[in-house]
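See below for the structure under consideration.
No value in this document is a laboratory result; all are computed from the given coordinates. All figures in this text were calculated on a predicted structure; none of them were measured in a lab. Quick reminder, even Gly has a Cβ in these numbers, built from the backbone with ideal geometry, and neighbours come from all protein chains shown.
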Amino acid sequence: MIKLLEKLLYEKTQGTQSEILFAQWNYDKKVIPVALNAVSSLFPHYSLHDESHSITIVNNIVRILGKEKLDKLSAIDIWLILEASYSHDLGMVVSSDKLIEALTSKDFFDFFNEIQQDKKNGLHEFALQFKIEDDRIKYNSNVLSLEYHDGIKFILAEFFRRQHSDRSKEIITNPNGELKLSSPRGVIPKRIFKILANICSCHTKSFEEVMDLPFSEVGIDIENAHPRFISCLLRVGDLLDLDNNRFSEVMLRTLSKIPIDTLNHKAKHLSIESFRIDNEIIDVTAKCLDYDTANVTQHWFNYLNSEISQQMINWNNIVPSKELGYLPTIGSLIVELSNYEYIDGKKKPKFTVDTDKAIELLRGAGIYEGAYQCIREILQNAVDATLLRLWLEYKEEPDFDLTNPNSVDFIRVKNDFPIYININEKDVVDQYKIWEFNITDKGTGLSTYDLGFLMNTGSSSKNRKRVSLIDEMPLWMRPSGIFGIGFQSIFMLTEQVKLETKSFFNEEFQIIELNSPNSAKDGGILVQKIKTNHRIKPGTKLSFEHKTTAIPKRWTIKGEQKNASRIAHNYDPFSHESLDIELGKVFDEIFDFTSKCHIPIKLFLNGKEIETHSNNNKFKYFDKENSLELNIRSNTSESNRRGAITYYKNQRAENNLQIKFLDIELNIHKDKASAVLELSRNKIRPEYNDELIRQLFTSTFKVIVENFNEVFGSEEAKQIGSMFLNYYQEQFEFLSRFDIRTFNQWEHFEIKIGDTNYKMKDLLIAIDSLKITYDRRIISYFGDIYEINDNALSISLKGGYPSNGYTTFLLGECSKIMTSVKKVEDIEANVKQIIFSKKAQGNPVEESEIKRILINTKNNYYSSRSIIPCVEKYFKLRLKDDAHEAYVYHYRFDYYLNLRYPKMLSPFISVEDGNDKTELQLVLNDKLYNWVYENRYDEKTTLEDIKEYYQMFIDEYKIEDLK
């Protein structure tokens with residue numbers, strides 16, 4: 001990760017004033033680790049604070065942010081991360097002059113007395129070996145003991161540890177002072193080093209002091225530095241250096257006796273059993289063998305949880321850009337104590353969610369993009385309860401079809417179970433409006449048993465009665481979640497919620513008052529049991545009041561918030577008494593929810609019904625195998641294509657899919673929300689992408705193959721649809737089960753070249769050669785440029801990649817007919833031409849090209865080892881065409897055109913050095929020889945042949961020539 005950040009710093013500073021940052025870092029990364037090695041002289045009993053600790057902090061920061069977001073950091077922020085990770089513990093390096101000075105200082109005497117009087121202090125027994133007389137520390141015994149020597153070192157170490165962050169600040173601002181650290185300070189302004197010093201100083205301070213750091217400071221060139229943000233990253237990265245290799249056994253062996261705190265902290269690190277850090281979640285499990293280790297570990301976990309929570313709550317005032325995302329949430333911080341059930345007779349040493357903090361995090365950490373997203377959570381609960389009721393009501397009716405959301409039976413009965421939303425203006429108090437919300441459903445309601453799980457945040461998945469019923473349901477009907485943290489999000493809008501609910505299961509009718517954990521009623525829940533009769537049907541009415549500012553001083557609107565935008569644009573302060581922009585945002589959430597919802601939702605404002613267009617845009621196709629709903633549209637205009645739009649249980653969720661040729665809407669029902677969605681429920685989890693791709697393409701292929709003429713009405717649409725089928729079957733092996741041989745409409749797709757329209761099939765027959773020009777300097781807004789002369793086709797890809805799907809498809813088809821690379825030349829750094837030809841030759845690659853290809857494999861970022869073209873003279877090394885090994889890259893002449901060629905395994909590997917430079921190294925061994933033998937093209941080839949011909953190959957292509 002250090003290399004990754006260094007590379008980014010270099011790229012961002014190259015050719016700018018900020019180049020001095022990279023130069024400074026290149027110097028400091030050599031100087032600072034040497035100084036840090038001296039930490040162990042005073043702190044041999046401590047966990048390692050050398051360069052390995054600094055590297056781990058950087059790795060943790062990258063994990064927290066996510067590698068894909070690093071490019072959004074400014075150059076000076078990258079520099080600050082690197083420098084702070086290395087410099088923050090410089091204060092633990094203490095010169096002999098400072099040690100001598102401390103031994104006679106009043107501050108040290110006071111500290112010494114404090115330890116002697118504190119029996120719980122881990123250094124207490126060492127302090128008792130000394131006494132203070134005549135302003136001097138003296139031995140209690142005249143007998144020389146190594147324990148005395150070690151003891152005073154431990155006490156001095158603790159004295160300086162407590163002030164080491166301030167000492168780091170002094171050393172950074174004046175490196176040539178106490179430590180004579182030869183870090184140059186002549187070019188970068190002193191102010192920048194003061195920023196760095198303040199960041200490092202805060203890594204042990206209170207969170208309030210961190211928030212006193214500037215949010216933004218002028219950096220170098222035109223970029224800004226963000227001290228508060230960097231300080232927060234440093235603190236978390238430091239706390240997460242938890243792994244179990246932190247202590248040096250060699251250093252501990254030099255001590256006559258080890259302090260109990262050291263043993264506990266060493267045991268703490270050794271107790272780490274599982275450890276997950278990424279930009280989504282932090283999970284740590286520790287299995288401790290004794291009470292003290294468990295106590296220390298629990299304390300550290302609490303500290304970590306507190307730090308993350310405080311940063312989350314203040315994140316909007318910390319992070320310089322929303323594009324950098326949010327901190328990971330705390331998942332499980334579990335401390336298990338072996339052979340004991342309880343840590344203190346009351347509870348296990350296990351981290352649990354504090355409901356106060358849960359609501360605070362919902363409010364301040366950006367888990368939801370806006371407070372009104374909680375409306376969707378409440379509506380989803382109502383829909384889930386309604387779908388469960390429908391299943392229970394009709395599952396045993398003969399010939400009643402609930403397997404498909406488009407079934408006639410379901411469409412007929414769902415209209416009997418609408419959800420009503422009533423919003424009424426209740427009162428105006430000073431500058432505020434009070435709105436009353438009522439959301440009523442005809443679902444399964446809540447029983448006393450269910451209420452127990454509602455009270456315990458996040459425990460809904462343990463409601464086994466409800467879960468067992470849900471497991472019987474068709475996948476598409478199953479709830480996305482049961483009452484839990486989603487329900488508690490309502491307290492972002494109100495302090496009190498009332499539920500009038502009747503259970504479908506036992507007809508128990510209750511009125512329940514739920515109060516926010518942050519309110520004066522401290523999360524209190526009041527329950528009234530009401531006598532009922534059969535006229536009152538099962539279901540739930542949820543009511544709450546929400547206060548808005550009649551005319552807000554400031555407001556923000558997102559592009560998709562059309563109702564809020566309309567209200568804002570139509571507001572006239574001279575004729576309107578209020579600007580109900582918040583109500584507009586509520587409407588936007590409701591309309592967004594209802595657009596794909598299977599259950600009818602009726603909205604009323606002050607008694608007047610508002611059209612929600614509920615489920616007007618339903619999905620046309622349903623694939624039962626993947627429980628996936630689909631809409632498929634052909635779009636011949638690249639500029640208007642939307643690609644893949646994903647929904648989970650009818651609610652929009654952003655994705656990272658890049659789909660060519662078609663616009664596809666897909667509604668996922670198959671897996672649990674926790675597996676599919678990020679915590680905010682607004683995005684597909686990156687970990688789910690592989691499964692999503694498999695479901696998307698298998699379901700889409702099935703629908704298209706079975707309904708081709710219905711899906712694609714026009715001839716041009718059919719041509720694009722057939723491109724989709726043929727292109728992606730080449731990409732994914734799991735699509736080979738579909739027979740698409742009859743879908744060759746793409747052959748008639750017309751490409752205009754000059755004044756002539758060529759059908760794609762005719763063009764492939766007519767051309768003898770293909771020249772692809774990549775020009776990354778120019779971005780064309782008019783598509784790829786085609787030219788044809790004397791049966792030679794030229795395609796210029798402005799911007800360095802095809803601008804439309806049919807070019808990509810055509811290049812793929814060219815792969816099947818081209819047999820050789822005629823010429824390759826680099827014109828300029830960012831302009832490249834590759835010429836392919838149909839003219840057959842013994843090998844698509846000339847022998848003269850092999851050296852260049854070998855050299856190019858140095859820049860292969862996919863893997864270290866490559867499969868390369870095999871020329872005829874080395875056919876004893878030729879591999880079977882389908883030879884494959886994980887993490888071995890197959891050399892390609894061009895990214896878009898996959899020319900077939902005889903293959904061999906390169907004897908060289910690409911190795912990256914410490915300066916992000918790569919070189920080739922020769923690595924041949926028996927494992928490689930045996931693999932080549934097992935995958936040999938010619939079965940007559942022997943193992944000895946393979947060894948002999950590799951020797952011939954490396955004699956011809958000497959490693960020193962491949963520079």
Open item on the list: From zero outward in steps of 5 Å, how is the percent of C-alpha pairs of segment 96-161 spread across the bins?
Closed with: 3, 17, 31, 29, 16, 3, 0
TODO: Using per-residue counts of other Cβ atoms within 10 Å, averaged over each peptide, order 871-877, 385-391 from highest down.
DONE: 385-391, 871-877
Task: By average C-beta atoms within 10 angstrom, highest first, the peptides 180-186, 209-215 - done: 209-215, 180-186
Task: Options 743, 420, 304, ranked by Cα towards positive dipole end of the chain, top entry (Cβ charges) - done: 420
TODO: Report ³J(HN,Hα) in whole Hz for each residue of segment 399-409, in order, from the Karplus equation J = 6.51 cos²θ - 1.76 cosθ + 1.60 where θ = phi - 60°; Gly and Pro get x.
DONE: 6, 8, 8, 10, 7, 9, x, 9, 5, 4, 5
Task: Residues with amide H under 5 Å from that of residue 288, placed H, sequence gap 5 or more - done: 336, 337, 338
- [ ] Name the shape class, rounded, prolate or oblate, that the alpha-carbon gyration tensor gives for the chain, where a ≥ b ≥ c are the square roots of its eigenvalues, rounded holds for a/c under 1.5, and otherwise prolate holds if a/b is larger than b/c and oblate otherwise.
- [x] oblate
- [ ] Could you please rank 278, 77, placing first whichever residue has the fewest other Cβ atoms within 10 Å of its Cβ?
- [x] 278, 77
Task: Estimated vicinal HN-Hα couplings, Hz - segment 185-195 in sequence order (Karplus 6.51, -1.76, 1.60; Gly, Pro = x) - done: 10, x, 9, 6, x, 4, 4, 5, 5, 5, 4
TODO: Output the relative contact order of the chain, whole-number percent, from Cα pairs under 8 angstrom with separation of 6+ residues.
DONE: 6 percent
TODO: State to the nearest 20 debye the size of the charge dipole of the chain about its Cα centre, where the only charges are +1 on K and R beta carbons and -1 on D and E beta carbons.
DONE: 760 debye
Task: Per-selection Rg to Rh, segment 672-806 - Cα, Kirkwood hydrodynamic radius - done: 1.06
TODO: Sort 707-714, 44-51 for me by packing, meaning the mean count of neighbouring Cβ atoms within 10 Å per residue, highest on top.
DONE: 44-51, 707-714
TODO: Would you mind checking which residues have amide H under 5 Å from residue 792's amide H? H placed 1.01 Å from N; only 5 or more apart, or other chain.
DONE: 768
Open item on the list: Could you tell me the calculated FRET efficiency between residue 672 and residue 180, based on Cβ-Cβ distance and R0 = 60 angstrom, to the nearest 0.05?
Closed with: 0.50
Task: Hull volume in cubic angstrom per residue (convex hull over the Cα atoms of segment 621-727) - done: 94 Å³
Open item on the list: Quick check on the exposure proxy: order 612, 857 from fewest to most C-beta atoms within 10 angstrom.
Closed with: 612, 857
- [ ] Rank 313, 41, 700 by how far each Cα sits towards the positive end of the charge dipole of the chain (+1 on Lys, Arg Cβ; -1 on Asp, Glu Cβ) and give me just the farthest.
- [x] 700
TODO: Work out how much length residue 432 to residue 299 would gain on full extension: take 0.36 nm times their residue separation and subtract the Cα-Cα distance, in nm to one decimal.
DONE: 43.5 nm
Open item on the list: I'm a student and want to see the number: the projected area of the Cα convex hull of segment 908-963, averaged over all directions, in nm².
Closed with: 4.7 nm²
- [ ] For segment 722-738, take each phi angle, set θ = phi - 60°, evaluate the Karplus expression 6.51 cos²θ - 1.76 cosθ + 1.60, and give the result in whole Hz per residue in order, putting x for glycine and proline.
- [x] 5, 4, 4, 4, 5, 5, 7, 5, 5, 7, 10, 5, 5, 8, 5, 6, 8
Open item on the list: Give me, ordered by chain and number, the residues 5 or more places off residue 904 or on other chains with an amide H under 5 Å from its own placed amide H.
Closed with: 868, 870, 879
Task: Exceeding the 22 Å Cα-Cα cut-off - candidates 12/180; 771/958; 120/205; 465/596; 67/266; 880/947 - done: 12/180; 771/958; 120/205; 465/596; 67/266
